[in-house]
Amino acid sequence: MTIARNGHLTDHPSIEAAVQAAVRQIPPLWPLASSVAVNPFLGQTSETLAEAGARLARVGDVPVAMPRKWYRDRIAAGAIADDHLAAALEASPHAGKPRDQAALRMAASRDRPAPQPLATIGDLAATTSGVDWPGLIADRIGAWAGGYFDQGQALWAAPRGKSAWAAWRAHATHDLTPEIIGLEGFASLVAEAPDRPGMAIAQAVGRLGLADAAMSSYFHQLLLSLAGWAQYARYELWRAELAGGTDATISDLLAIRLFWEQAIYSRHEAAIGAQWAEVRLAHAAPLAPDADDIVDEILQESAERASQDALAGRMAHAAPAASAGRPALQAAFCIDVRSEVFRRALESVDPSIETLGFVGFFGIAARHKRFASDVPELRLPVLLNPAVASRAGEADAHERDLAARYGARARRAWGRFKLAAVSSFAFVEATGPVYLGKLLLDAFGLGRSRSPRDPAPRFDPELDLHTRIGAAEKVLRAMSLTDGFARIVLLAGHGATVANNPFASGLNCGACGGYSGEVNARLLARLLNDPDTRRGLAARGIAVPADTLFVAALHDTTTDAVTLYDRDAPSGEHATDLPKVRQWLEAAGKLTRAERALRLPRAANGGGIAIRARDWAEVRPEWALAGCKAFIAAPRTRTAGRSLGGRAFLHDYDWTQDSTSGFGVLELIMTAPVVVASWISLQYYGSTVAPKTFGSGNKLLHNVVGGIGVLEGNGGVLRSGLPWQSVHDGERHVHDPLRLTVCIEAPCEAMNDILKRHEGVRDLFDNRWLHLFAMDEKGRLAYRYAGNLEWEATANASIAQGLEAVA
């Protein structure tokens, strides 16, 4: 964002810098159609948890750790031991930390007071006037924003083509609610406001007497008060910057929010002026964590060290011997934690089956158009730009395409007729009984679940041979799959089948931009089955046997059914292989459902899980990624045969192959999959520790607005994050809020070189938003990253080295 261009703040560099700083504190929010997990602390990753806690306590009622009782219960149960407390205390970088473990335990025994954020002008005026100004601001901005940001849900669309600031002014000059409540002349003030939002911000800064040191903190507070609206505007900026452009929507929202503050201050200055002066000074004060912030950070790290010790103990056991000979099946799944359960089940069905873990978009960063659609879908991680374009259906399918388009238009017209202001009443009276059958089927979950069945996708335009060979080689080397190919290699993307769930895309593949992963898997299978591509791969040292067939598939994580797209390529000589593959997948699905049923409410066994996917009243069709706590990049032999409980991201990686090319694959893993996994982990963390700010509330109260997000109730701010039902089963948390532990089997020096080149990734580890371990050749967690490019041997490694020396 360049405020100087869009907001005309060229003459106010300090204000521009403060706006920039505040905007970067806000995480983006993707729309519901392509929802992906986002780290709610994205703007604070250059700070420690304690420093972020101090910042967020100042600008909002936002805890960054669990209540003290949560830690006390774990200490009392022995889950957090003295060693964990001592190690976390020693590792704390803060000068104000407790002097010893006894002082830490004493601090933990006391409940921490709730954060007391600084008051906004609306808060101060509400106290003196008795009018809920913060509530009114949220309601009126929300009423306008729902129409302005609408993505096609509204039957009567708001006018398009104006900036957010101009559109709000046009709306607010006709909104009499503020004046009815007591803000006389508000519409006139809006009409007289500067045309340029940057000048409106500068005007408000002068009127409110904001010093340079106070601005960024105060601006952050105002944007935070807008919740999901500010985050959606931040998404627009994120998307624009990724494409090399800019977007001023979020700074326009700041101008709108500041205008409200200025108007209320002008009305109530005599009553709140002295208090506001104190608030300004507090915003300008240097930010530093207090003793409670530091204690919370140490207790949180002690819980994470306890979890890491449990993981290290599990990884220290000897892995079962790998099956000799050519595998009967190789199945590549997404690194998603839900795949861990299915992979383990599939391997248990037959010892000749191998599974692999790779990012769910399978290295195909596609801008895709579904069959009979011109709407592009970005099926790739949100950190990347699309590298290829694709569409479903062959180029000669014109008649079928046209028929499908006519059908889609008819369904849209019928849908709008049912919902229109006048026809909706007559529609219910006239056709209500016709829908009785469908109503009963839906109510009892008896409808059919359908997997995506578009025609086979193709690259559009088609890739030239050199590009195809290069893409195929890059993907196979990133998968560490360069030899030992089975006759059938399954490429399984994943998606989720649910009913009546606004957050359905959030259950799909995050690496595919919130879409299901079958398109990427089918494109890669098409690429790797191409004879010319295979000949080119052989010339580059990757010889794929002539009898190897790559088959795309889709793993439904709600039902654990797997759909094969084997008709995409001729499979005549594999006619006897594919039925066996289907039997193995069905058996693995049954085992997986039985294991998942142990965690799901009202699911005594796996038999009822499929019904949950069709039940429109089910608020917990699956647990998605709840419980995620580890990311492991290593050969599968290090984790095979070990149950990780569906709580670990598993990425196949062989550093000995990668070392010959300068650790390019390791760099990709640390800068893309690890970062995406951190966003997922920290979204679950934020939605658990701070559900009021970083969670979307109760699913039962949700109303979709604009097709982009939800309100909790019928008004107010747009909610972001996970619903309460995604992290809590009604009695207890099902997600332990632990920052992700990343375990990579690679030399420490290679990882240091990558951290030196990527400051943002290094911040995640140096400030302990992620923990990093180096694994040895036996799968043990041998070295812990201590920050500042330094490593320390773990206790497990020291014990193992001693035993080896004795032997």
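The values are calculated or read from the model by the stated rules, or taken from the named source; none is laboratory data. Not measured: the values here are computed from a predicted model. Every residue, glycine among them, receives a Cβ derived from its backbone with ideal geometry; neighbour counts consider all protein chains shown. These accessible areas exclude ligands, DNA and RNA; they are computed on the full protein's heavy atoms, side chains included. Shrake-Rupley method; radii C 1.70, N 1.55, O 1.52, S 1.80 Å.
Here are the numbers:
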item: Radius of gyration, Dmax [segment 529-612; alpha carbons; angstrom]; result: 17.8, 55
item: Cα principal axis extents for segment 102-241, largest first, Å; result: 63, 38, 32
item: Estimated FRET transfer efficiency when R0 is 51 angstrom, pair A86-A403 (beta carbons, to 0.05); result: 0.15
item: Theoretical ellipticity at 222 nm over the chain - DSSP helices of four or more residues, -39500 (n - 2.57) apiece, nearest 500; result: -14500 deg cm²/dmol
item: Of Q203, A214, F186, farthest towards positive along the dipole that unit charges on Lys, Arg, Asp, Glu beta carbons give segment 182-279; result: A214
item: Alpha-carbon centroid distance for the pair segment 66-104 / segment 515-530, whole angstrom; result: 48 Å
item: Segment 161-298: relative contact order in percent, alpha carbon pairs under 8 Å with at least 6 residues between; result: 32 percent
item: Gain in span if fully extended, A277 to R757, counting 0.36 nm per residue against the direct Cα distance; result: 168.4 nm
item: Segments 782-791, 211-220, 515-524 sorted - mean Cβ within 10 Å per residue, highest first; result: 515-524, 211-220, 782-791
item: Taking the C-alpha atoms of segment 41-177, convex hull volume expressed per residue in Å³; result: 208 Å³
item: Label zone at E731, where the point sits 7 Å out along the Cα-to-Cβ direction: segment 601-621 residues whose backbone N lies under 11 Å; result: 601-602
item: With DNA, RNA and ligands ignored, accessible area of T249 (1.4 Å probe; Å², nearest 10); result: 20 Å²
item: A587 paired with D776, simple spin-label distance in nm, labels 7 Å along Cα-to-beta-carbon; result: 3.7 nm
item: Taking only Cα atoms of segment 566-712, radius of gyration then Dmax in Å; result: 20.2, 57
item: Antiparallel DSSP beta bridges within the chain, percent to nearest 5; result: 40 percent
item: For segment 680-807, accessible area per residue (1.4 Å probe, heavy atoms of protein chains only), Å²; result: 40 Å²
item: Per-residue SASA entry for K69, accessible area with 1.4 Å probe, Å² rounded to 10; result: 110 Å²
item: Whole-number percent relative contact order across segment 364-415, with pairs defined as alpha carbons under 8 Å at least 6 apart; result: 35 percent
item: FRET E, pair L700, R540, Förster distance 35 Å, beta-carbon r, rounded to 0.05; result: 0.05
item: Mean Cβ neighbour count within 10 Å, used as a protection proxy, ranking 157-167, 19-29 highest first; result: 19-29, 157-167
item: If the convex hull is drawn through the Cα atoms of segment 264-420, its volume per residue in Å³; result: 343 Å³
item: The chain - Rg over Rh from alpha carbon coordinates, Kirkwood radius; result: 0.97
item: Binned Cα-Cα distance frequencies in segment 584-629 - 10 Å width, integer %; result: 26, 54, 20, 0
item: Three semi-axes of the equivalent ellipsoid, segment 186-331, Cα gyration tensor, whole Å, largest first; result: 50, 26, 11
item: Translational diffusion of segment 352-405, µm² s⁻¹ [Kirkwood Rh, Cα pairs; Stokes-Einstein; 20 °C; 1.002 mPa s]; result: 163 µm²/s
item: Length-normalised contact order of the chain in % [C-alpha pairs under 8 Å, at least 6 apart]; result: 17 percent
item: For segment 227-295, convex hull volume per residue from C-alpha positions, Å³; result: 157 Å³
item: Overall form of segment 153-215 per C-alpha gyration tensor (a/c, 1.5; a/b vs b/c); result: oblate
item: R0 of 41 Å, Cβ-Cβ distance D111-A387: FRET efficiency to nearest 0.05; result: 0.20
item: Filtered GluC sites (Glu not before Pro), segment 648-737: DSSP coil and at most 10 other beta carbons within 10 Å; result: E731
item: Solvent-accessible area, 1.4 Å probe, carbon plus sulfur percent, for the chain; result: 55 percent
item: Computed Rg/Rh of segment 293-333, alpha carbon atoms with Kirkwood Rh; result: 1.34
item: For segment 89-149, projected area of the alpha-carbon convex hull averaged over all directions, nm²; result: 8.3 nm²
item: Segment 701-780: mean projected area of Cα convex hull, nm²; result: 9.0 nm²
item: Solitary cysteines of the chain, where the nearest other Cys Cβ is not under 4.7 Å; result: C334, C628, C743, C748
item: Orientation-averaged projected area, Cα convex hull of segment 14-109 (nm²); result: 9.3 nm²
item: Length released on extending from A76 to A604, taking residue separation times 0.36 nm less the Cα-Cα span; result: 187.0 nm
item: Shape of segment 464-614, Cα gyration tensor, a/c cut at 1.5; result: prolate
item: Tensor-based shape of segment 646-734 (alpha-carbon gyration tensor, a/c under 1.5 rounded, otherwise prolate or oblate); result: prolate
item: Per residue solvent-accessible surface (Å²) - segment 238-353, probe of 1.4 Å; result: 37 Å²
item: In Å², nearest 10: area of L402 left accessible to a 1.4 Å probe; result: 60 Å²
item: Separation of alpha-carbon centers, segment 142-187 and segment 462-503, rounded to whole Å; result: 46 Å
